[in-house]
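Novice: My questions all concern the structure below.
Coordinate-derived values only; no laboratory data. The shown structure was predicted, so the numbers you read here are calculated from the model rather than taken from an experiment. All Cβ positions, glycine included, derive from the backbone under ideal geometry; neighbour counts span all protein chains shown.
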Amino acid sequence: MYGRKVKLRFLFIVIILITLILTVFLVLKSLEENVVYFQSPSEINSSVELNKKKIRIGGMVKKDSISVKANKINFIITDFKNEINVIYTGAIPNLFEEGKGVVAEGILKDRNFFSATKILAKHDENYMPPEVKAALEEK
């Protein structure tokens, strides 16, 4: 019915489409595992489900909340409506201090306790991450 040339073209197009679909699927799957979502303390407090996925919490470091013991640092992130306690072990950025904006990446233990694996405060004192600024203005 169809000639050999038509069958080869059809097979070639099918192979390219399958390869393209597989490539897009693998890229999206890879991104899904590495994407980290930003949330404010109010969003965490109002969320229904607690999962053990890596998230980022942003807000301001509450005044008089930083306590340092050995290399463990405890502090409170606030969006001026809700607060969340954060514990972090490791080196902190030089610009990390009370009253300044901060984003902590890690795992939420419960609605009031967050175990941070990374502190992101690499900005000057006038800069605030856009997500944190939007969340604070919204509240």
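Novice: Over the chain, calculate the relative contact order: mean separation of alpha carbon pairs under 8 Å at least 6 apart, over the residue count, as a percent.
Specialist: 21 percent
Novice: From the residues SER65, ASN34, PHE10, which one has its Cα farthest along the dipole of the chain in the positive direction, the dipole being from +1 and -1 charges on Cβ of Lys/Arg and Asp/Glu about the Cα centre?
Specialist: PHE10
Novice: Right, something else. Tell me the label-point distance for the pair ILE87, ASN45, using the 7 Å Cα-to-Cβ offset, in nm and rounded to one decimal.
Specialist: Inter-label distance under the simple model: 2.2 nm.
Novice: Here's another thing I want to ask about it. Pulled fully out, how much extra length does the chain show between VAL24 and LYS53, if you take 0.36 nm times their separation in residues and subtract their Cα-Cα distance? Don't skip to the end; give the middle numbers.
Specialist: On the way: separation 29, 0.36 × 29 = 10.44 nm, distance 2.34 nm.
Fully extending the segment from VAL24 to LYS53 adds 8.1 nm.
Novice: So if I place +1 on the C-beta of Lys and Arg and -1 on the C-beta of Asp and Glu, and nothing else carries charge, what would the dipole magnitude of the chain be about its Cα centre? I want it in debye, nearest 20. Provide the component values of the computation, followed by the final result.
Specialist: On the way: 21 positive and 16 negative charges, 210 e Å.
It comes to approximately 1000 debye.
Novice: At most 16 other Cβ atoms within 10 Å plus a DSSP loop assignment makes a site exposed; report the longest stretch of the chain without any exposed GluC sites (Glu not before Pro). Don't skip to the end; give the middle numbers.
Specialist: On the way: sites that count: GLU49, GLU97, GLU98, GLU125.
In the chain, the maximal stretch lacking such sites is 1-48.
Novice: So, one more: For the chain, what is the Kirkwood hydrodynamic radius in Å, using each pair of distinct C-alpha atoms? Intermediate values should be presented prior to the final figure.
Specialist: Details: mean 1/r = 0.0569 Å⁻¹.
This gives a value of 17.6 Å.
Novice: Right, another one. Build a GNM of the chain with springs between Cα atoms under 10 Å: which of SER65, SER47, SER30 gets the top mean-square fluctuation?
Specialist: Sorting by GNM fluctuation, first place goes to SER30.
Novice: Now, a different point. Of the candidates LYS100, LYS29, LYS81, which one comes out as most mobile in a Gaussian network treatment of the chain with C-alpha springs shorter than 10 Å?
Specialist: LYS29
Novice: Okay, next question. Do any of LYS62/LYS100; LYS72/LYS118; LYS29/LYS133; LYS63/LYS109 go past 20 Å between their Cα atoms, and which?
Specialist: LYS29/LYS133; LYS63/LYS109
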